[in-house]
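Contents: one structure, followed by commentary.
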Amino acid sequence: EALAKFPSLWSEFCKALDANEESLTRWLGNSATLLSRVGECLERWKADADAESTFLNLRRWAKFLSGLEGLRDLGLKSLADGVIEKKVDLTRLADYAPSAIARACRSERMKKLKTLQQFDGPDHTRKADAFARIIEEERDMLRRLLPAKLCRARSVPGEQFLRRELDPQPRKKGAPQHLTIRALLSEYGDAIAALTPCVLASPDSVAQYLEPGKLSFDLVVFDEASQITVPNAIGAMGRGKAVVVVGDSKQMPPTSFFSCGGGMVMEEEGEQEEPVVVTLGSILDECGVSGLERVWLSWHYRSADESLIAFSNKRYYEDRLSSFPAPGGRPESLGITWMPVKGEFHTGGTRTNPVEAEAIVREVRKRLGDGTGRSIGVVALNAPQAKLILQE
């Protein structure tokens, strides 16, 4: 008779607790049957059903589960299950919410996009690696085939004579010797331009090896033009029909700091003479003040961590640079750390900054003792500062 009444009574019990099939499945857990699970909980329910509590604990639990249903309705089933299974601390629910929302969004999109459901990550990686290998092999092959194909297609004036001059075999005593580089470029400039239409050279090399009027170019490109002075650039510009000047106007201009005495002004201060570095004008600055057309290059790709360029981008480039985010967050081992020290550079005496030197030595000692075994490079402003760091 009790078993006959159980189904209807159990149905009313579940309805009072607002239990559904999913919540009942979680409640059953690993129990073999419904009756065995009821038997496990019966003693607790009896204690909870006394006159004082009137199922207070059970009603609290039911209310708690009902509150979690709101999370399930939002698609955050994993978060609700984590609370019930005590994997998620209820007091830190807000901290776990972002990752749960991300998983819910991913699950939703996976269901809608059949192609993502069938995506095989390892297989895709193998195909991508195979494709990369094929591209690299093709690139190596083109390095050999393209020059030969281009040379066969070109008509090179005086090629046989140029080949004779480029023969590396030493010539017999008394025979005409090989031409110098300057003479070779002057004599066979047209042939060399036909074979190698792109020439990479410094402004000094242009003046040294290219005789004016013997070899000209359709286009002359200056790279790092902010470091090229106007006198050094004029010679190369005169050897081209058009000029493109590429550089960064926010970089330090060329100076006489590394020159051997040239451009240095000596000022007397006390008993010592202090060299003053002379700032020189660059060809980039000259083009800017001349009103030539400018093209802004906004992509910055060199920094492994965005923090390397963040300060310069904000203070110098007006936040106009577009940089790439670094993977894996921003660990302490990457980027730049600003460590201000209350030191001053002694311009008139030792030409050093003792406080800064002490701070550098402390940092080096700390890093040498961290057990990583990594090497350390220290860059100083000048030789006296480097010597002071070594002494410390």
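Students often check this: by mean Cβ neighbours within 10 Å, which of 284-292, 115-123 ranks highest, and how do the rest follow?
Numbers: 284-292: 13.6, 115-123: 8.7.
Highest mean packing first, the order is 284-292, 115-123.
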| task | Evaluate the distance, in nm, between pseudo-label points positioned 7 Å from the Cα of LEU200 and of VAL379 along their respective Cα→Cβ axes. | result | 2.2
| said: Using a 1.4 Å probe on the protein heavy atoms, what percent of the accessible area of the stretch 57-200 belongs to carbon and sulfur? | reply: 59
| In what sequence, highest mean first, do 220-231, 309-320, 239-250 appear when ranked by Cβ atoms within 10 angstrom? | 220-231, 239-250, 309-320
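Which of rounded, prolate or oblate describes the stretch 135-253 when judged by the alpha-carbon gyration tensor and an a/c cut-off of 1.5? Working shown, then result.
Numbers: a/c = 2.18, a/b = 1.32, b/c = 1.65.
Judged from the Cα gyration tensor, the stretch 135-253 comes out oblate (a/c at least 1.5, b/c at or above a/b).
Calculate the FRET efficiency for HIS178 and ARG154 from the Cβ-Cβ distance with a Förster distance of 30 Å, rounded to the nearest 0.05.
Values: r = 24 Å, r/R0 = 0.80.
Calculated value: 0.80.
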| Residues listed by number, the stretch 294-314, amide nitrogen under 17 Å from TRP338 label point at 7 Å toward C-beta | 306-314
| If amide H atoms are built 1.01 Å from N in the plane of the peptide, which residues on other chains or at least 5 residues away come under 5 Å of the amide H of VAL243? | VAL220
| request: Mind ranking 73-82, 101-110, 141-150 by how tightly packed they are, going by the mean number of other C-beta atoms within 10 angstrom, highest first? | output: 73-82, 101-110, 141-150
| task | May I ask you to evaluate 6.51 cos²θ - 1.76 cosθ + 1.60, the Karplus curve with θ = phi - 60°, for each residue of the stretch 143-154 and list the ³J(HN,Hα) values in order in whole Hz, giving x for glycine and proline? | result | 4, 8, 7, 4, x, 5, 5, 5, 5, 5, 7, 9
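Please compute the length gained on full extension between GLU224 and SER8, using 0.36 nm multiplied by the number of residues separating them and subtracting their Cα-Cα distance.
Details: separation 216, 0.36 × 216 = 77.76 nm, distance 8.67 nm.
Gain on stretching GLU224 to SER8: 69.1 nm.
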| note | By the Cα gyration tensor axes a ≥ b ≥ c (a/c under 1.5 gives rounded; else a/b larger than b/c gives prolate, otherwise oblate), the shape of the stretch 135-202 is prolate
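If I take R0 = 51 Å and measure r between the Cβ atoms of ARG143 and ASN20 in this structure, what FRET efficiency does the formula 1/(1 + (r/R0)^6) give, to the nearest 0.05?
Details: r = 68 Å, r/R0 = 1.33.
Result of the calculation: an efficiency of 0.15.
The values are calculated or read from the model by the stated rules, or taken from the named source; none is laboratory data. Everything numeric in this text was worked out from a predicted model, so none of it was measured. No Cβ is skipped: glycine too gets one built from the backbone with ideal geometry, and neighbour counts run over all protein chains shown. Protein only, heavy atoms only, side chains kept; ligands, DNA and RNA dropped before computing areas. Shrake-Rupley method; radii C 1.70, N 1.55, O 1.52, S 1.80 Å.
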